[in-house]
Structures are given as structure tokens and as C-alpha cells.
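Here's the structure we're looking at; comments come further down.
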Amino acid sequence: MNIDDLVAIDVHTHAERSCRQPADTFWQPYEDAANRYFKVGERPTIAETIAYYRERRIGLVMFCVDSESTIGNRRISNLEVAEAAAENADIMMAFASIDPHKGMMGVREARELIEAGLIRGFKFHPTLQGFFPNDPMAYKLYEVIAEHRLPALFHSGHSGIGTGMPGGGGLRLKYSNPMHLDDVAADFPDMTVIIAHPSWPWQDEALSVCLHKPNVYIDLSGWRPKYFPPQLVQFANTQLKRKMLFGTDYPLIAPDAWIEDFRAAGFREEVHPLILKENAVRALGLAPSGRG
């Protein structure tokens, strides 16, 4: 990324519409429910998302979510996201999403993507992928990530995906308690762990893990800042001011609305540049750890 040309770095954006493959009907009921929950409409393509961020001079980390083993929908290819990032390297980074249930084939895919220089991190969604992050099943995948000192971003807390569907769409919230990430951060100290979202109803657990483990960050995506729990803002202003990251969950939340709320949500002026960009520079390995 051309860091100095960017006003912010959004560490949490989704590849929602492929430019190469048709939408999968298996995913449509979940998308419809999420549209009602987040009050959003038609999703943009990968190319449209990149153009949107380029217009705003905001860097972005983009990923798909691999839920093939739980829901059965075909994921957008990690390779498509990676190639889009390579073509827009001045503003974009690609994370890969690999369901840990894929075992050694998933490990093989991760290693091939890393060694080809195509991706810069990984995205996990324990609720959608149906696993506890500290399940040893996932550890061989983490070993590859840690070996290359790349970040891994984990969904935490409530999930808008499945909300309102019968049985929550069969998805279980228990997998996304951020306390499960305490084991991961302890067992893989060379892997940066990013806890995604305000972690309601487990916000205090997320703050505790982030405070205790040097390799843990929190991204502030998925909620508009005007709804943030007060303790999250308090820690962002004080002990965790260098460990909070700007993220939106785009296209479910737009960066313009997020930033507007952020500037009025009680964050101290001196932490604004840290959260909007400088902390991401460090967490994503875009500059030496001393910068910012």
C-alpha cells in the first residue's frame, strides 16, 4: 500500500460479488436475512468495492468467507481476491479464507497462496465455519500462518448472518466468544490475532484478551460507533489506544457513515490517527513495529 497517500485503512471489507462466477443460490437466504438485519441492498462486485475505496483514498483489506462445509455455498475464490489486490496494490491487501475443516488440503492451499506472495493474512469466521478457534483441528493451519508471521482475523460476538432465520440458520454463536482466542494468542505468539467487531455479548472478554496478549488487536467493524459499548471507547482512549483498528464490514456498513459516527463517539482527538491508520500499519506489517 502507498501508506502516505491514504487517509485511513479499513481492515475489514468483504468480497461479496465475484466478477468471475455467478452468485450461489445456497447463500441467498443468508444474504436476504443479513440485508434485513443491516438494512442494506444489492451488494457490490469486487471491482465496484475497489473503485469505491479508491475514490475515498481509503486502503482496504478484502476477503471472502469460506463456509462451504457448513452451509454448502461455493466461496468466492481466494485467488480472485488476491489477483484484484495485486492489480490495486497501492490501496488493497488480500486475506484468504480457508475453512479449518478442510484439513491438510486447507493447509496446502494456505502455504501455496503465501509462498506465491498472493495474500497477506487470513480471515476466520468461527460461527459460519462451525468451529472453536482453539480447536486443535485448526492448529496446523495456524502453524503455517505463524511461520510466515502473518495476521489472522477472527469474527467475534453476535452474528448478523443468520439473525432472524429459523434456528438462526443453524449457526451457533458460542463459537465466537473471543475468550477462545486467548489460547490461540498464547499458543501462537508470532501470529497477530485480530478480534473482529465489538464482541457483544462478550465485550469485556475481548478487551481482557487484547490487554493481556501483545499479539492481539481489535477491529471496530460491524457496528456503527454510535452504538459502541462505553468500555470499548474507554479502552480505545487509554490502555488499548495502539491496538484498535478501523474496520467497517463493508458493504454492510459504509466507511463514510462509520467515520462520521467515530468523530462524534467520544474518542479522543489524539487517538483518531492511530485507529484510522497508524495501528493498521503496524498490525498488518506494512512498516517496522516502531513506526507510529
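Values quoted throughout were computed directly from the atomic coordinates according to the rules given, and no laboratory measurement underlies them. Please read all numbers here as calculations on a predicted model, not as lab measurements. Positions of Cβ are backbone-derived with ideal geometry, glycine not excepted, and every protein chain shown enters the neighbour counts.
What is the percent of Cα-Cα separations in region 181-285 that go past 23 Å? Provide the component values of the computation, followed by the final result.
Numbers: 1052 of 5460 pairs.
Everything past 23 Å amounts to 19 percent.
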_Distance histogram in 5 Å bins (all Cα pairs of region 8-136, percent per bin)_ = 2, 10, 19, 22, 21, 15, 8, 2, 0
_Within the chain, helix-based [θ] at 222 nm, where runs of 4 or more DSSP H residues each add -39,500 (n - 2.57), nearest 500_ = -9500 deg cm²/dmol
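Tell me the net charge near Gly164. Cut-off is 10 Å between Cβ atoms, Gly164 excluded, with +1 for each Lys or Arg and -1 for each Asp or Glu. All intermediate terms of the calculation are to be shown ahead of the outcome.
Numbers: positive: Arg36; negative: Asp32.
Result for the neighbourhood of Gly164: 0.
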*asked:* Using the crude model of +1 on Lys and Arg Cβ and -1 on Asp and Glu Cβ, and no other charge, please compute the dipole size for region 3-283 relative to its Cα centre, in debye to 20.
replied: 420
_Dipole axis of the chain (+1 Lys, Arg; -1 Asp, Glu on Cβ), positive-most option in Ala236, Ala33, Gly59_ = Ala236
*Two-decimal Rg/Rh of region 112-261 from alpha-carbon positions, Kirkwood Rh?*
0.96
*Determine, from the Cβ-Cβ distance of Ser77 and Glu260 and an R0 of 30 Å, the FRET efficiency 1/(1 + (r/R0)^6), rounded to the nearest 0.05.*
0.30
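Taking the highest mean first, how do the peptides 7-17, 48-58, 262-272, 141-151 order by number of other beta carbon atoms within 10 angstrom per residue? Please report the intermediate quantities before stating the final value.
On the way: 7-17: 23.6, 48-58: 16.5, 262-272: 14.2, 141-151: 19.1.
Highest-to-lowest ranking by the protection proxy: 7-17, 141-151, 48-58, 262-272.
Once the convex hull of the C-alpha atoms of region 237-292 is built, how many Å³ does it hold per residue, rounded to a whole number? List each step's numbers first, then the result.
Numbers: hull volume 4.7 nm³, N = 56.
Residue-normalised Cα hull volume stands at 83 Å³.
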*asked:* At 7 Å along Cα-to-Cβ for each site, give me the label-to-label distance between Thr25 and Glu269 in nm.
replied: 5.7
*So what's the gap between the Cα centers of region 96-127 and region 23-77, to the nearest angstrom?*
18
*asked:* What translational diffusion coefficient, to the nearest whole µm²/s, does region 28-98 have by Stokes-Einstein, given a Kirkwood radius computed over alpha-carbon pairs, a temperature of 37 °C and 0.692 mPa s viscosity?
replied: 245
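Given just the C-alpha atoms of the chain, how large is their convex hull per residue in cubic angstrom? Write out the running numbers ahead of the final one.
Details: hull volume 34.1 nm³, N = 292.
Spread over its residues, the Cα hull of the chain gives 117 Å³ apiece.
Counting pairs of Cα atoms in region 108-169, how many percent are more than 17 Å apart? Please report the intermediate quantities before stating the final value.
On the way: 907 of 1891 pairs.
Tail of the P(r) past 17 Å holds 48 percent of the pairs.
What FRET efficiency would be calculated for the residue pair Tyr139, Met179, taking the C-beta separation as r and a Förster radius of 25 Å, to the nearest 0.05?
Details: r = 18 Å, r/R0 = 0.70.
The calculated FRET efficiency here is 0.90.
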